[in-house]
Amino acid sequence: MNIINTLVIDFHSHVGRMGNYNIIDDMDWYVKNLDAAGVDKSFVSYIFDGKASNCNDIVYEFVQKNPKRFGGFAHVTPHYMDEAIPELDRAFNKLEMKALKIYPPFYPRPVNHESWYPIFEWCNANKIPVKSHTQYGPGEFKNDDSGRPILFLDLAQKFPNINWILAHSGNMEEGRIESVQAAKECSNIYLETCSSYGDHGTIEYFVDELGDDRILYGSDLPLIDARFGVGRIVTAKISEDSKRKILGLNALKVLNINESEISI
Amino acid sequence: MGEVDIDFKSSVPVFDCNVSLGRVHTRRLVVDSAEGTISAMDHVGVGHALIHNPYGVNYDPVHGNNKLMESINGIPRFIPQFTCNPATFDLDSFSKNVEINNIKAIRMEPHKQNFPFVNWIVGECMEWIVNKQLTLFIPVTEFNPEEFYNTIKMYPNSKVVLCDLHYSHVPWALPLLKALPNLYVEVSKFSISDSLLRLLEIVGASRILYGSKFPYQPMGPQLYSLHRWGISESTLKAICSGNLEAILGINI
């Protein structure tokens, strides 16, 4: 056993009731879970309401209850592009969101289709990080091809002021390979680690192929317990320095924040 | 700042109940050898593993079980688990092979093997499993819940372990565990928030088994997580090894 204190920032969690999994979004419960996992701060989003402003209001209200432990990621959708740009302005200039979360499978065109561009142009102009659900591989989730990792290569080149975070790093092996390929070619692409599919050796593969500076710990809380995701990092066969970077230090750079704003 | 165990190794004995050993034809696995599996076990402190062969699960149980015994090759840390297809196998010869190799655990994957988990297919095999006091392992993705419930409730003395439970199965799998007291649950993929608390409330500590689903998942994360719930050492030990030893009737 080697208990250490190190900064842990969760780059991927959700708020909002999920009755389908018997999950409620109780603040005290979240804090207990983060404490048990050793997480200092968790960045939350909500993406399941068709009206994006409702999503962002839910996130804002949640974060305001405990801003030391939680930060907000905004959500908008190209289904209602007329609402998306004003909502981006509200989310980042009034609601203090730190990044944008998008979910390509909710939309019938690939994430690099030009119908998404107004959203990305706004983020590029304002240097807002964009985190996207990514998944690619065999199985029942064919809609997820709209956010397959390789598509972000195109976007990262077209919108170079955006730091692109590939949530789940493509999930399956095919997706992970594409994620690494995209990140190797574009220095503004980051890999985030939460997944229900990560093979043995996944974290080691990312570090071997990409180095340890652009990998970010995420939990997927409350669908996945925060302890499990931390366990993926600390039990990987990588150096202690790499573990510290992935658990929290890299996130500081992506979000352009100081450690003093995070530590509890 | 966050407190983490940066070089984690289990503090209690661990007997992993869900490990696959061998190659598959669709991809190159990160680990497909006995040596690689033992190295992964040593890294996080897993002492023993219940092992099945993927060829037996995906295609032919007879050849898969033979491959299993070849790859285990007498390694005492590996406990063999045989795969069977009750729709196509010869029970007499399978039974003999189970006895010769001192097998305690049977694995069925009905969807992959193209049979429904209904009594008119699996009944004879279930009776044999109960009579021989063997334990059946079956992934939750491999059966129709209604068929499974109706079949297992006919064998209240059977010992059945549900594997690969995921958060997406919560709405029906937790009621299933509650409804059938002879069901045990393996936790390799069950990492939904409050996962252990939910299971402790529904089935109690004696019906929860640590498994990793290695090499499709690493052995460490769930083991690390189990060590961070604040449960007693005796409960942790039971989940990590004692419960599995008890249902298999072996002492590692």
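Descriptive notes on the structure:
- Note on segment B:15-248: with charges restricted to the Cβ of Lys and Arg (+1) and Asp and Glu (-1), its dipole about the Cα centre is near 340 debye.
- Value of relative contact order over chain B, rounded to a whole percent, pairs C-alpha under 8 Å and six or more apart: 20 percent
- Solvent-accessible area per residue, Å², over the protein assembly as shown with all protein chains present [probe radius 1.4 Å]: 39 Å²
- Anisotropy class of the protein assembly as shown from Cα gyration tensor, a/c 1.5 cut: prolate
- Chain pair A, B: total accessible area buried, heavy atoms, 1.4 Å probe, Å²: 3700 Å²
- For the segment A:246-252, counting C-beta atoms of other chains within 10 Å of every residue's C-beta and taking the mean gives 1.
- Surface composition of segment A:1-97: carbon and sulfur make up 48 percent of the accessible area, probe 1.4 Å.
- Apportionment of accessible area to carbon and sulfur, segment B:15-248, percent (1.4 Å): 50 percent
- Cβ-defined net charge surrounding A:I3, 10 Å radius [Lys, Arg +1; Asp, Glu -1]: -3
- Farthest positive-ward along segment B:15-248 dipole, Cα basis, beta-carbon charges - from B:Y216, B:W120, B:I51: B:Y216
- Based on every Cα atom in segment B:85-175, Rg and the maximum pairwise Cα distance Dmax equal 13.1, 41 Å.
- Pairwise centroid distance, computed over Cα atoms, of segment B:26-69 with segment B:131-179, Å: 23 Å
- Residues of segment B:1-16 whose accessible area, computed with a 1.4 Å probe over protein heavy atoms, drops by at least 20 Å² once all protein chains are present relative to their chain alone are B:M1, B:G2, B:E3, B:V4, B:D5, B:I6, B:D7.
- Chain A, relative contact order in percent, only Cα pairs under 8 angstrom and at least six apart counted: 20 percent
- Part-to-part distance (alpha-carbon centres) for segment A:187-221 and segment A:1-79, which is given in Å: 20 Å
- From helices alone, chain A scores -11000 deg cm²/dmol at 222 nm; the rule is -39500 (n - 2.57) for each run of n ≥ 4 DSSP H residues, then divide by the residue total.
- All lysines inside 25 Å of A:K51 as judged from Cα atoms, apart from same-chain residues fewer than 8 positions distant: A:K65, A:K94, A:K98, A:K101, A:K127, A:K131, A:K142
- Each of the peptides B:158-169, A:35-46 was scored by the mean count of other Cβ atoms within 10 Å over its residues; in descending order, highest first, they stand as A:35-46, B:158-169.
- Assigned charges on the beta-carbon of Lys, Arg, Asp, Glu; the protein assembly as shown dipole about Cα centre (debye): 420 debye
- Computed over chain B, the per-residue total of -39500 (n - 2.57) for DSSP H runs of n ≥ 4 gives a 222 nm mean residue ellipticity of -10500 deg cm²/dmol, rounded to 500.
- In segment B:15-248, the alpha-carbon atoms span a convex hull of 116 Å³ per residue.
- Partner chain coverage, peptide B:207-219 - average Cβ within 10 angstrom: 3
- Relative to the Cα centre, the charge distribution of segment B:1-79, modelled as +1 at Lys and Arg Cβ and -1 at Asp and Glu Cβ, gives a dipole magnitude of about 320 debye.
- Counting Lys and Arg as +1 and Asp and Glu as -1 over every other residue whose Cβ lies under 11 Å from the Cβ of B:T37, the net charge comes to -3.
- Residue mean of other protein chain beta carbons inside 10 Å, A:198-208: 4
The values are calculated or read from the model by the stated rules, or taken from the named source; none is laboratory data. Everything numeric in this text was worked out from a predicted model, so none of it was measured. We place every Cβ from the backbone using ideal geometry, glycine too, and count neighbours over all the protein chains shown. We work out accessible area using only protein heavy atoms, side chains counted, and drop any ligands, DNA or RNA first. Shrake-Rupley method; radii C 1.70, N 1.55, O 1.52, S 1.80 Å.
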